[in-house]
Amino acid sequence: MTNSGKFIVVEGLEGAGKSTVIAAIQRELEEQGHKLKLTREPGGTPMAEAIRECVKHNWENEFVTEQTELLLMYAARSQLVENTIKPALAEGTWVLGDRHDWSSLAYQGGGRQVNRDHLNAIRELTLNGFSPDLTIYLDIDPKVGLVRAASRGELDRIEQSGLAFFERARETYLSLVKRTDSAVLIHAEQSIDKVREDVLIALRKFLGVTQ
Ligand code: T5A
């Protein structure tokens, strides 16, 4: 499709600075004249937002199984991809995502250590090969990211998963970025200004815009 939009995703652990850089990417894309739709995962449609509440909630006396968590993430993703992302791209709107499929590979695959064959089967069912045109991965030591996240208030259910969980998630992200040509790694422990600058350099390279 010649006039289709591009799908750009920002990934990274809690506190990596995704929201912060998304605002900068949004400004840049709009300045370049692109019509833009922002999404977040889990979430982004009314039903997917309800799933988000459910999956982040701290269910006091009920253990949330890793299968439930995985299925809810992909249920929300299916709603978002089919109702919002694909229609937007088809009409030429660009989509800028706060998290997407790599979050499930990192958190449920790496963090929770869900069986890889099961995970791949659910991905295939949900996405059937659909993937971003550009992934910007903000790399941060989870010890630093969790301190940033905690400074905003109480940690949610997933954020309380412990350091080893987030270290496994980071390892998964690092291995994904290493083997994906359409992904870039940005060092997210630098100052906010430097992170933003590095992200914009990567974005302009993707856009083919001279600095
Ligand atoms: N999840 C999600 C899964 O388990 N599987 C999945 O498939 C999906 C899609 C989503 C949760 O769900 C999990 C992952 C998450 O646990 P969320 O609220 O969207 O929940 O969580 P996050 O995306 O992690 O949101 P955060 O707000 O924690 O992270 P951000 O957006 O990366 O961080 P940001 O920009 O809000 O910054 C956090 C704080 O750090 C400061 C900011 O000012 C802010 O106060 N900061 C910096 N400070 C110093 N230096 C820098 N360079 C800084 N950058 C930001």
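Quick one: which residue in Glu167, Glu171, Glu189 is assigned to a loop (DSSP other than H, G, I, E, B) and either farther than 18 Å from Leu29 by Cα or aromatic (Phe, Trp, Tyr) (or both)?
The match here is Glu189.
Are there any helices (runs of 4 or more DSSP H) wholly within segment 6-86 with 3 or more residues that are in contact with a Leu (Cβ under 8 Å, 6 or more places away or on another chain) and more than 14 Å from the ligand (Cβ to nearest atom), and if so which?
18-31
I want to confirm something. Restricting to segment 189-211 and keeping residues that are touching a residue at least 60 places away in the same chain (Cβ under 8 Å) and more than 10 Å from the ligand (Cβ to nearest atom), which single residue is surrounded by the fewest Cβ atoms within 10 Å (Cβ to Cβ)?
Checked segment 189-211; the qualifying residue surrounded by the fewest Cβ atoms within 10 Å (Cβ to Cβ) is Val209.
Kindly evaluate Ala150 against the criterion of being closer than 25 Å to Thr65 by Cα, surrounded by 12 or more Cβ atoms within 10 Å (Cβ to Cβ) and of a type outside the set (Phe, Trp, Tyr).
Answer is yes for this residue.
Output yes when any residue across segment 130-139 is under 22 Å from Val195 (Cβ atoms) and assigned to a helix (DSSP H, G or I), and no when none is.
No, because not a single residue in segment 130-139 is under 22 Å from Val195 (Cβ atoms) and assigned to a helix (DSSP H, G or I).
Search segment 13-38 for residues being more than 19 Å from Asp139 (Cα to Cα) and free of Cβ contacts under 8 Å to residues at least 60 places away in the same chain, and hand back the single one that is surrounded by the most Cβ atoms within 10 Å (Cβ to Cβ).
Lys37
Looking at (1) modelled with pLDDT under 95; (2) part of a helix (DSSP H, G or I); (3) more than 10 Å from the ligand (Cβ to nearest atom), which is the only condition Met1 fails?
(2)
With the condition kept exactly as written, say whether any residue in segment 149-162 is in contact with a strand residue (DSSP E or B) (Cβ under 9 Å, 6 or more places away or on another chain), charged (D, E, K, R) and farther than 20 Å from Ala75 by Cβ.
no
Can you work out which of the residues in segment 87-107 that are surrounded by fewer than 21 Cβ atoms within 10 Å (Cβ to Cβ) and assigned to a loop (DSSP other than H, G, I, E, B) is nearest to the ligand (Cβ to nearest atom)?
The extreme case among them is Thr93.
Within the bounds of segment 170-188, is there any residue that is surrounded by 14 or more Cβ atoms within 10 Å (Cβ to Cβ) and within 24 Å of Phe63 (Cβ to Cβ)?
yes
Taking the options Arg152, Arg148, name whichever one is assigned to a loop (DSSP other than H, G, I, E, B) and within 11 Å of the ligand (Cβ to nearest atom).
Arg152
The values are calculated or read from the model by the stated rules, or taken from the named source; none is laboratory data. Just so it is clear, the structure is predicted and the values come from calculations on it, not from any experiment. Cβ atoms come from the backbone with ideal geometry, glycine included; neighbour counts cover every protein chain shown.
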